[in-house]
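> To start, I am sharing the structure in question, which I have written as structure tokens.
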Amino acid sequence: MAKIIVITSGKGGVGKTTSSAAVATGLALRGYKTAVIDFDVGLRNLDIIMGCERRVVYDFVNVINKEASLKQALIKDKRTQNLYILPASQTRDKDALTQEGVGAVLEELKQEFDYILCDSPAGIEKGALLAMYYADSAIIVTNPEVSSVRDSDRILGIIASKTRRAELGLPPVTEHLLLTRYSPTRVEKGEMLSIQDVKEILAIPLLGVIPESESVLRASNTGVPVTLDENSDAGKAYRDAVGRLLGEDIPHRFTTAQKKGIFQKLFSREGAPA
Amino acid sequence: MSIMNYIRGICNTNKTANVAKERLQIIIAHERSQNRNPDYLHRLQQELIEVIAKYVEVEEDQVRVQLDRIGENSILELNITIPERSLAAQD
Ligand SMILES: Nc1ncnc2c1ncn2[C@@H]1O[C@H](COP(=O)(O)OP(=O)(O)OP(=O)(O)O)[C@@H](O)[C@H]1O
Ligand SMILES: [Mg+2]
């Protein structure tokens with residue numbers, strides 16, 4: 001059975017697109033046929049993070065309007081097998097996405113794919129509501145910061161009431177917390193909310209903790225999802241999170257400050273064990 | 001108290017993460033009570049007022065029903081202010 005997962009947060013700029021690209025790549029690496037859809041109409045970004053921006057011909061809205069077939073619009077990833085991207089439209093028309101249109105595209109994707117990931121735009125407007133509407137699971141991307149946690153709580157309330165599952169009284173959308181841009185050093189100094197703090201407040205299961213990492217910007221610079229960076233702590237943390245999403249029991253890493261020796265400081269890029 | 005503990009004590013009160021957590025707990029408890037109230041809460045409040053009004057004289061705004069969520073648990077809080085005179089009238 002195909003599974004639809006929304007990556008959402010309420011607050012902007014917390015790492016939804018980074019996480020969508022990373023988790024989609026991780027699932028495809030595990031052999032699951034995966035499609036990742038950019039719901040951020042007007043602010044297309046996923047194509048850049050996935051490094052396929054020059055291959056965009058048709059987009060999500062073209063498919064909904066039947067100006068192109070799904071086959072024509074889906075971009076097959078060049079690096080990772082089993083991975084496909086459906087880019088957002090750059091139209092400024094706010095009503096380009098309709099509930100029926102989105103539903104029809106997802107239904108068609110479900111015939112072909114194991115996982116369908118929906119990269120939500122920020123906010124709680126139409127685009128964000130449509131991205132979550134058909135979801136079976138939700139990955140709530142949260143930064144250890146007051147406004148982000150508050151918005152995540154808000155989004156959880158909306159998921160519990162405004163999704164298809166909620167409306168039809170089906171089993172609720174499964175919730176996963178993905179804590180990103182986490183800095184164990186700052187947490188230990190008492191400058192940043194800890195994993196425990198955020199878990200306690202949001203009270204949903206923790207899928208993963210992605211450390212604040214320079215490798216994320218490197219990945220975005222080059223258009224290669226961070227999951228593929230063998231040396232990156234963030235990449236490893238995303239691969240672990242994918243394992244947990246698949247039901248594996250994997251301990252969390254990169255959650256305590258590294259005490260680096262002088263040599264490690266001088267020579268290592270990330271200083272994290274493999 | 002050793003000097004180290006004293007210094008640590010001062011540092012702890014300056015830890016902004018603690019302030020962040022406290023602020024979050026307050027704002028989220030408040031917002032949840034606004035947004036996640038089930039539909040029956042209003043009716044529950046109305047019926048409670050009717051029942052209480054049978055025994056003591058209370059104004060509608062003196063009965064407050066509030067549902068809070070802390071972690072996995074929900075707490076239903078019932079707050080009734082009974083004026084002195086309506087108690088006195090009972091005797
Ligand atoms: N773990 C991380 N370490 C360092 N930087 C990160 C990390 N995760 C995300 N970022 C950076 O944060 C910024 C926002 O990331 P991203 O675009 O994924 O967020 P978003 O939630 O999709 O934003 P929007 O709401 O605009 O769609 C980017 O510059 C990205 O490189
Ligand atoms: Mg984004």
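> If contacts are Cα pairs under 8 angstrom and at least 6 residues apart, what is the relative contact order of chain A in percent?
23
> Please give the charge dipole size of chain A, origin at the Cα centre, charges +1 on K and R Cβ atoms and -1 on D and E Cβ atoms. Round to the nearest 20 debye.
Charge dipole, chain A, about its Cα centre: 520 debye, nearest 20.
> Please give the average number of partner chain Cβ atoms lying within 10 Å of the Cβ of each residue in A:154-165, rounded to a whole number.
Details: counts 4, 0, 2, 5, 1, 0, 2, 2, 0, 0, 0, 0.
So the per-residue partner count for this stretch is 1.
> Of A:Ala219, A:Ala73, A:Tyr84, which is farthest along the charge dipole of the protein assembly as shown in the positive direction, counting Lys and Arg as +1 and Asp and Glu as -1 at C-beta?
A:Ala219
> While we're on this one: Pairs of alpha-carbon atoms within less than 8 angstrom and 6+ residues apart define the contacts here; what relative contact order does region A:85-187 have, in percent?
Relative CO of region A:85-187 lands at 25 percent.
> For A:Arg44, A:Arg164, what's the largest-to-smallest order of accessible area, 1.4 Å probe?
Result, largest first: A:Arg164, A:Arg44.
> Kindly state, to the nearest 0.05, the FRET efficiency for A:Glu107 paired with B:Glu50, given R0 = 35 Å and r defined as their beta-carbon distance.
0.10
> With 27 Å as the limit, write out which pairs from A:Lys94/B:Lys21; A:Lys16/B:Lys21; A:Lys162/B:Lys15; A:Lys11/A:Lys94 have Cα-Cα distances beyond it, or answer none. List each step's numbers first, then the result.
On the way: A:Lys94/B:Lys21 36 Å; A:Lys16/B:Lys21 23 Å; A:Lys162/B:Lys15 38 Å; A:Lys11/A:Lys94 19 Å.
Pairs exceeding the cut-off: A:Lys94/B:Lys21; A:Lys162/B:Lys15.
> When a/c reaches 1.5 or more, the comparison of a/b and b/c decides; with that in mind, is region A:162-213 rounded, prolate or oblate per its Cα gyration tensor? Mind dumping the intermediate values first?
Details: a/c = 4.14, a/b = 2.81, b/c = 1.48.
It comes out prolate by the Cα gyration axes.
> Is the shape of the protein assembly as shown rounded, prolate or oblate, going by the alpha carbon gyration tensor and its root eigenvalues a ≥ b ≥ c, with a/c under 1.5 for rounded and a/b larger than b/c for prolate? Spell out each step's value before the answer.
On the way: a/c = 2.80, a/b = 1.34, b/c = 2.10.
Because a/c hits 1.5 or more and a/b fails to exceed b/c, the protein assembly as shown counts as oblate.
> Once R0 is set to 25 Å, what does the formula 1/(1 + (r/R0)^6) return for the Cβ-Cβ distance between B:Glu77 and A:Glu167, expressed as a FRET efficiency to the nearest 0.05?
Here the calculated transfer efficiency is 0.25.
> Moving on to the next point. I need the peptides A:140-150, B:75-85, A:52-62 ranked by packing, meaning the mean over residues of other C-beta atoms within 10 angstrom, with the highest value on top.
A:140-150, A:52-62, B:75-85
> Convex hull volume of the Cα atoms in region A:217-263, per residue, in Å³?
Measuring per residue, one finds 107 Å³ for the Cα hull of region A:217-263.
> Shielding by partners for B:17-25, please: the mean number of other protein chain Cβ atoms within 10 Å of each residue's Cβ.
Numbers: counts 11, 3, 2, 9, 9, 0, 2, 12, 3.
Mean shielding by partner chains, rounded to a whole number: 6.
> Here's something else I'd like to know. Counting partner chain Cβ atoms within 10 Å of every residue's Cβ in B:52-63, what's the average?
Average neighbour count from other chains, rounded to a whole number: 0.
> Can you compute the helix-only [θ] at 222 nm over the protein assembly as shown? Use -39500 (n - 2.57) per DSSP H run of at least 4 residues, normalise by all residues, nearest 500 deg cm²/dmol.
The helix contribution divided over the protein assembly as shown gives -13000 deg cm²/dmol.
> How much FRET efficiency would the formula 1/(1 + (r/R0)^6) give for A:Thr256 and B:Ile27, where r is the Cβ-Cβ distance and R0 is 35 Å, rounded to 0.05?
It comes out at approximately 0.75.
> On the Cα set of region A:53-93, report Rg and Dmax in Å, please.
10.5, 33
> Hey, if you drop one equal point scatterer on each alpha-carbon of region A:71-119 and run the Debye formula without solvent, what base-10 log of I(q)/I(0) do you get at q = 0.25, 0.33 Å⁻¹?
Log-scaled intensity ratios, in q order: -1.15, -1.42.
> If you don't mind, there's one more thing I want to ask. For the Cα atoms of chain A, what angle does the longest principal axis make with the long axis of helix A:99-112, in degrees from 0 to 90, nearest 10?
Orientation of helix A:99-112: about 70 degrees from the principal axis.
The values are calculated or read from the model by the stated rules, or taken from the named source; none is laboratory data. Given the structure is predicted, the values throughout are model-derived calculations rather than measurements. Backbone-built Cβ (ideal geometry, glycine too); neighbour counts: all protein chains shown. All accessible areas refer to the heavy atoms of the entire protein, side chains included, with ligands and DNA or RNA removed. Shrake-Rupley method; radii C 1.70, N 1.55, O 1.52, S 1.80 Å.
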